[in-house]
1. Looking only at residues in segment B:1-25 that are polar (S, T, N, Q) and part of a helix (DSSP H, G or I), which one is farthest from B:Ala92 (Cα to Cα)?
2. Filter segment B:66-110 for residues that are acidic (Asp, Glu) and surrounded by fewer than 21 Cβ atoms within 10 Å (Cβ to Cβ); which is nearest to B:Ala37 (Cα to Cα)?
3. Working only within segment A:124-139, note down all residues that are in contact with a helix residue (DSSP H, G or I) (Cβ under 8 Å, 6 or more places away or on another chain) and either basic (Lys, Arg) or closer than 18 Å to A:Arg157 by Cβ (or both).
4. Tell me which of these A:Ile117 doesn't satisfy, since it passes every other one: (1) within 20 Å of A:Ala194 (Cβ to Cβ); (2) more than 22 Å from the chain's Cα centre (by Cα); (3) surrounded by fewer than 19 Cβ atoms within 10 Å (Cβ to Cβ).
5. Show me the helices (runs of 4 or more DSSP H) found entirely inside segment A:56-170 where at least 1 residues are closer than 21 Å to A:Leu210 by Cα, in contact with a strand residue (DSSP E or B) (Cβ under 6 Å, 6 or more places away or on another chain) and of a type outside the set (S, T, N, Q).
6. Out of all the residues in segment A:210-221, is one or more touching a Phe, Trp or Tyr at 6+ places or on another chain (Cβ under 9 Å), within 14 Å of chain B (Cβ to nearest Cβ) and within 23 Å of B:Ile5 (Cα to Cα)?
7. Quick one: in segment A:239-255, of everything that is in contact with a Gly (Cβ under 8 Å, 6 or more places away or on another chain) and at pLDDT below 95, which residue is nearest to the other protein chains (Cβ to nearest Cβ)?
8. Hey, any hits in segment B:68-84 for a residue that's more than 14 Å from chain A (Cβ to nearest Cβ) and over 15 Å from the mean Cα position of the chain (by Cα)?
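The values are calculated or read from the model by the stated rules, or taken from the named source; none is laboratory data. Keep in mind that what you see is a predicted model, and the values were worked out from it rather than measured. Because the Cβ atoms are built from the backbone with ideal geometry, glycine has one as well, and the counts that use them run over all protein chains shown.
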Amino acid sequence: MSEAAVEKALDQKMNTVPLKMIGKDVSVYYGEKRALFDVNLNIRENTVTALIGPSGCGKSTFLRTLNRMNDTIENCRVTGRITLDEDDIYDPSIDVVELRARVGMVFQKPNPFPKSIYENVSYGPRIHGLARSKADFDEVVETSLQKAGLWNEVKDRLQEPGTGLSGGQQQRLCIARAVAVSPEVILMDEPCSALDPIATAKVEELIHELRANFTIVIVTHSMQQAARVSQRTAMFHLGNLVEENDTDKMFTNPDDQRTQDYIMGRFG
Amino acid sequence: MSTHITSIYDEELKYLTRRISEMGGLAEQMVADSVRALVNSDLALAQKVISDDTILDDAERQIGEKAIVTIAKRQPMAADLREIMGSIRIAADLERVGDLGKNTAKRVIAVAGSGIPRKLARGLEHLAELALVQLKEVLDVYASRSPEKANSIRERDEEIDAIYTSLFRELLTYMMEDPRNITPCTHLLFCAKNIERIGDHATNIAETIYYMATGAQPQGERPKDDMTSTLGSVTD
């Protein structure tokens, strides 16, 4: 097979990845101010999708529409349609608590509950009724911490407070907490911006492993991080989706001039 | 193209561009001098070409080092990354061009005094003129970064190959006529090959520029008219 044919086959393979979430004509308003303009962006299953763009471009706003975190903001209005599998997540019949169990979230600043490591992880399964016996809880805590790459570091001090861990460990604890309720999608809002390079590398390694079982959407200010962890990248600018592309293409030869200027650190 | 937010980054990229242009100028000069030294049996000029080669070698090393430091510091993306990778490749091609000029210069001593037939010298000069035009134009394209012009240079290497093939035939004829011609003609054959290789490096550089400008590799096979690899075989 010629090189071009191989590339075409790979493209086709990429294009046949099932879509986990579909955003159609998504607009967001904060009161009178419009923050997103008719964004059409699909999230592919078992793929890491990175959202990049300058501050205030709407990338975090879009991320938050995916599990209705914007509901908590007064005056915030979302139009358009977002589906998770076949379900319209803004349909009035949707239970938001259940939605957020299916679409979990990890924030910029590690925010463990002021409780033990064990309780941090078991809390979600408890309120969602996913575990009953002590043995069930023990198992979900262990597997979640293992998936988050934290088990070996904390297995002997599960009863100690989660807030006593280092920043990087706290962030991985938050990832374990998100993973514990077996979500389908994990949203990450600048998960490494408060971490040192070693803790960042561990979280990136984790993202790479989690991809096998989860669909991940990550907002990041670090272009290098987007290039390292994602397979698809979406570039936002002034509330518009400017370009969505394979990550490898995006960072070597983007189609849009605004993407080019942004990732190269040039004046637009 | 718009400038970087960090102005020193622009300076670093400009440094690479400037050094490449300097290398290009020197490489051109060396090739022209080497052929002139050969045709005129000018040993002093040949010696100058040989010693100039170290300047080119140093320049290539410095460009490579600067490129590595820039990559480490800036983590370049997209066109910037292609620009820096392109600089490394072009510097390597130009360094090779210098080596080829030097190799021709070294043969001046061996050929001097054996009386190169005027016709052969003329052929070599013509070959060198074409290769130098290629080199000069590709350096102009480097300054303009025009992918269209880069592509047109790539298509013109054919002409050099054709002349090289005809020189090859002529040299064979001289050698067959008189075995005493074999030594000088073999040297001249290497010189012709050196010059022909310069055309190939110019083509390489054109392809690199095309990639730097567009992010895509030039399409299609590179045109070839160098038949010497089968010349003189039984089937010829």
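1. Filtering segment B:1-25 down to residues polar (S, T, N, Q) leaves B:2-3, B:6-7, B:17, B:21.
Now restrict to residues that are part of a helix (DSSP H, G or I): B:7, B:17, B:21.
Numbers: B:Ser7: 27, B:Thr17: 14, B:Ser21: 13 Å.
Per the stated criteria, the residue is B:Ser7.
2. Let us first name the residues in segment B:66-110 that are acidic (Asp, Glu), namely B:80, B:83, B:93, B:95, B:99.
Of the ones still in play, those that are also surrounded by fewer than 21 Cβ atoms within 10 Å (Cβ to Cβ) are B:83, B:99.
On the way: B:Glu83: 36, B:Asp99: 15 Å.
The extreme case among them is B:Asp99.
3. Hits for segment A:124-139 are A:Arg126, A:Phe137.
4. (3)
5. Numbers: elements: A:59-65, A:96-102, A:117-127, A:134-147, A:151-154.
Correct list: A:59-65.
6. No; the residues of segment A:210-221 include none that is touching a Phe, Trp or Tyr at 6+ places or on another chain (Cβ under 9 Å), within 14 Å of chain B (Cβ to nearest Cβ) and within 23 Å of B:Ile5 (Cα to Cα).
7. Within segment A:239-255, the first condition is being in contact with a Gly (Cβ under 8 Å, 6 or more places away or on another chain), and the residues that meet it are A:239-240, A:242, A:252-253.
Then keep just the ones that are at pLDDT below 95; that gives A:252-253.
Values: A:Thr252: 6, A:Asn253: 3 Å.
Step by step, filter segment A:239-255, then rank; the result is A:Asn253.
8. Initial filter on segment B:68-84 (more than 14 Å from chain A (Cβ to nearest Cβ)): B:68-69.
Still in the list and also over 15 Å from the mean Cα position of the chain (by Cα): B:68-69.
Looking for residues that are more than 14 Å from chain A (Cβ to nearest Cβ) and over 15 Å from the mean Cα position of the chain (by Cα), one finds at least one in segment B:68-84, hence yes.
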